[in-house]
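Report on the following structure.
The values are calculated or read from the model by the stated rules, or taken from the named source; none is laboratory data. Every value quoted in this text rests on a predicted model; they were computed, and no experiment measured them. Because the Cβ atoms are built from the backbone with ideal geometry, glycine has one as well, and the counts that use them run over all protein chains shown.
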Amino acid sequence: MKNLDKLLNNSTELEISDEDRLVIFSDLHIGNGGSNDNFARNRELFKSIITNYYLTKDFSLILNGDIEDLYKFSIEKVRDNNKDIYELFKEFKKKGKLYKIYGNHDFELSLHRDLNEDFPVLESLLIKYNDNKIFIYHGHQTASKLEQYSKIILFFNKLFLKTVNNPLIKMDNKKKYKTEVTAYKFSKEKKIISILGHTHRPLFESLSKHESLKITLEHLIKSYVKGDEEKKQKIYPILSKYKEEYEKLNKNGNGYLKSSVYSDNLLVPCLFNSGSATGSGGITCIEIKKGKIYLAYWFDINRTQRYLNSYNVKIKKMGDTNYFKAILKKDSLEYLFTRIKLL
């Protein structure tokens, strides 16, 4: 974990208070607008929420790596086909509220200053909140240098292998698991919060979706047992819906998606992941505001309605659009750091 120590110590620092608002996106994988562009399906959703929500509500925008997919496309093609997106980034930059971190898919930007005149890139960002630290980095730094920044992969991919399922660049489950385990152990040891991207798997308080569903089901069952008949009638359909989703994930998910990352009997809530903007249903992100941290999910109701009637999930429609925001998880930063320091 020496490379993470070095990364932490050399991070650009940003001090925040409860008055500040931050949003963290990772893994947009912006492309050329064609069939191999993984960002394309959520492009208009992303543009809308950035324009009508995060920009107007004075958030700082943290882009945590793999924003451009330079394994498949040139930076010129990406920027030419997404001028409106980059204009939005410029609006945050004008306000001093843009922080762009590079990942493995866009590390090429760190090698050429001429590509970064408008948007200088960082390798990591260290948020200081009171006497606590929130360490934001893409996540590929947990791997070897060859895996992190393979120029060989980049070269051959651009020449010969411009396919969506390119095996040279596709991250397998063992590597994803290793990334999370390494990041978790480092965060636990340093008594800090780490926020990653890279794996495309949203994490909140070191818990995956599978683990969170299991905990929710247990809470619902306890409430059902203790409730009167009226309460049981309200809980039962919600419980059934979560059970169905849990069973579906068990059936269709692989071992990585269902696994616990940490094997700790006493879980330390130190690891978070903002997910990605390439999901079939929508976009996940992490928000920090008013002393709290949130896992948010933005979706188009025409494509998915999965969270409209979910237990303990706050839903809000954005204006007169078909876009909705779901707050999947939230917690107090003070409470989290207390747990991290005591456990």
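General observations
- Note on the stretch 271-297: residues that are over 13 Å from the mean Cα position of the chain (by Cα) and under 19 Å from Thr179 (Cα atoms) total 0.
- Some residue of the stretch 81-89 being closer than 28 Å to Gly291 by Cβ and under 16 Å from the mean Cα position of the chain (by Cα): no
Rundown of residues vs (1) among the hydroxyl-bearing types (Ser, Thr, Tyr); (2) touching a Cys at 6+ places or on another chain (Cβ under 7 Å); (3) modelled with pLDDT of 95 or more, yes/no style:
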position: Ser17; (1), (2), (3): yes, no, yes
position: Leu22; (1), (2), (3): no, no, yes
position: Ile30; (1), (2), (3): no, no, yes
position: Asn36; (1), (2), (3): no, no, no
position: Ile49; (1), (2), (3): no, no, yes
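- Filtered residues of the stretch 85-144 (kept if exposed (fewer than 14 other Cβ atoms within 10 Å of the Cβ) and polar (S, T, N, Q)): Asn130, Ser144
- Subset of the stretch 309-326 (residues that are of a type in the set (S, T, N, Q) and surrounded by 15 or more Cβ atoms within 10 Å (Cβ to Cβ)): Ser310
- Qualifying strands (runs of 3 or more DSSP E) (wholly inside the stretch 264-324; at least 2 residues being in contact (Cβ under 8 Å) with a residue 40 or more places away in the chain and touching a strand residue (DSSP E or B) at 6+ places or on another chain (Cβ under 6 Å)): 271-273, 282-289, 292-300
- Of all residues in the stretch 175-198 being of a type in the set (A, V, I, L, M) and within 18 Å of Ile24 (Cα to Cα), the one that is surrounded by the fewest Cβ atoms within 10 Å (Cβ to Cβ): Ile192
- Arg79, sole failed condition from (1) free of Cβ contacts under 8 Å to residues at least 60 places away in the same chain; (2) outside any helix (DSSP H, G or I); (3) surrounded by 14 or more Cβ atoms within 10 Å (Cβ to Cβ): (2)
- Hits in the stretch 307-324 (condition: touching a helix residue (DSSP H, G or I) at 6+ places or on another chain (Cβ under 8 Å) and over 29 Å from Ser187 (Cα atoms)): Asn309, Ser310, Tyr311, Met318, Gly319, Thr321, Tyr323
- Screening the stretch 117-142 for residues that are assigned to a loop (DSSP other than H, G, I, E, B) and not charged (D, E, K, R) and picking the one that is farthest from the chain's Cα centre (by Cα) gives Asn130.
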